[in-house]
Every structure is written in C-alpha cells, then in structure tokens.
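Inspection log for the structure reproduced underneath, given as structure tokens.
Just so you know, all these numbers are worked out from the coordinates, no wet-lab data involved. Every value quoted in this text rests on a predicted model; they were computed, and no experiment measured them. Counting neighbours? That spans all protein chains shown, and the Cβs are built from the backbone with ideal geometry, glycine included.
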Amino acid sequence: MAALGRLSQVLLRSSLTQTRRQLSATAEHGEQSARTWKILTFVVALPGVGVCMLNMFLKEQHHSHEQPEFIPYTHLRIRSKRFPWGDGNKSLFHNSHVNALPDGYEGHE
C-alpha cells in the first residue's frame, strides 16, 4: 500500500511540474502571438479598411443620383392596411428620393 502511495505522489509531482512548464511556454507563446496580431492589425487590417473606404468613395463619385424609373408592378408596394405612423402610406424609414409610393414618387405626376 505504501508503494502505491509513493507512486501516486511521484506521478502527481511530475504532472504538476509538467503543467507548470506548459503554462510558462504558453505564456511565452501568448506574448508572441499577441505581438503578431498587433503587427497584423496595423500592417494589414487598417490599410485594408482604408483601401476599401477609398474604393467606396471613388465609386460613389461616379454613381448616378437620378431616381429610377417608376414601373407600377402589381406585386410591389401593396398596402393591405395603413402604417401606424405618419399618413399611413410611407414606411418607417421612407426616403422620398429612392422609395416610391404605390402611385409613384413624391412630387412627380
């Protein structure tokens, strides 16, 4: 029985020292990993966001801001009951330049 107790103590000590070594190695690896991600953020991610913003700005400059032609499709802009706000005909986030009413755009015949 005493031999079994000694064996369990030896195994426990070895597993604890091994765990301590793994934790210290993980901490060193974690510091290196954090440094790598910080470098990637400043070298790849932020310039990538900047390039995407520039691309969007340049495409917006060439974009036409005219209203699309109104085509009274029967399956679009169906009003089975009034909206509970405003005059009941406009959606909650209505944009008069882009969103047509059932009978056409606002301000046009």
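PRE reach from LEU101 (point 7 Å along Cα→Cβ): which of region 42-79 fall under 19 Å by backbone N?
Under cut-off, by backbone N: 67-79.
Using 0.36 nm times the number of residues separating ALA3 and SER80, minus their current alpha carbon distance, what extension gain do you get?
Answer, rounded to one decimal: 19.2 nm.
THR41 to LEU92: extension gain in nm, 0.36 nm per residue of separation minus the Cα-Cα distance?
Roughly 14.5 nm would be gained on extension.
Using a Cα-Cα cut-off of under 23 Å, which lysines could be cross-linked to LYS81, ignoring same-chain neighbours fewer than 8 residues away?
LYS90
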